[in-house]
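The values are calculated or read from the model by the stated rules, or taken from the named source; none is laboratory data. Worth saying up front: this structure is predicted, and the values here are computed from it rather than measured. Cβ coordinates were reconstructed from backbone atoms using ideal geometry, including for glycine residues, and neighbour counts include every protein chain displayed.
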Amino acid sequence: MISEYLGFDSDFIILGLVGVVIILLILIIVNMVQTSKLKKRYNAFMSGKTAKSLEDTLLKRLDQVDELIAANLANEKNIDELFANMNGTYQKVGLVKYDAFNEMGGKLSFSLAMLNGKDDGFVLNAVHSREGCYTYIKEIVGGNSIIVLAEEEQEALKMAREANEPAEK
């Protein structure tokens, strides 16, 4: 009777509904398995702890995170201060040893260049002779000297300028 009213056989409707029921049964089984796994994980997470002790643990960890953030900010401030202070320190060095006089050996005379991060500093020259040791210094500003530099002093200054650059932030 239904088949006459619809114009097709009701067997197809029954087969379609059976297929939908089978698919729904499979989905229910998959859902039950996933729920079971989730319940096991939840029980493992909550085992041995009361809700209050779990809350205390979480609050303790949050306090520790706050302390770490404060310590990190203090470290960043200290690092910034160190980098600012480094610009004024002598970071680059060049040293050239030489014989000031031909009759003396051992290369007891030297030129020492010391520069900061801005290539400001000095060249110290020590000349050793039989009569004594004489030292003098020449100021370096921006990598250059106002006073003419001797060959050894220029070499020491070049070594210092080409020394490893200071750490950049």
**Fill in**
Picking from ASN43, ASN87, ASN116, the residue that is surrounded by fewer than 10 Cβ atoms within 10 Å (Cβ to Cβ), of a type outside the set (Val, Ile, Thr) and either more than 15 Å from GLU153 (Cα to Cα) or out of contact with any helix residue (DSSP H, G or I) (no Cβ under 6 Å at 6 or more places or on another chain) (or both) would be ASN43
**Fill in**
Filtering region 118-161 for residues that are in contact (Cβ under 8 Å) with a residue 24 or more places away in the chain and charged (D, E, K, R) leaves a count of 8
**Request:** Return the only residue of ILE140, ILE147 being among the aliphatic types (A, V, I, L, M) and in contact with an Asp or Glu (Cβ under 7 Å, 6 or more places away or on another chain).
**Result:** ILE140
**Prompt:** If we only count helices (runs of 4 or more DSSP H) wholly inside region 1-119, which ones have 1 or more residues that are acidic (Asp, Glu) and modelled with pLDDT of 90 or more?
**Reply:** 51-86
**Asked** Counting only residues that are at pLDDT below 90 and closer than 28 Å to PHE83 by Cα, which one in region 121-143 is surrounded by the most Cβ atoms within 10 Å (Cβ to Cβ)?
**Response** GLY143
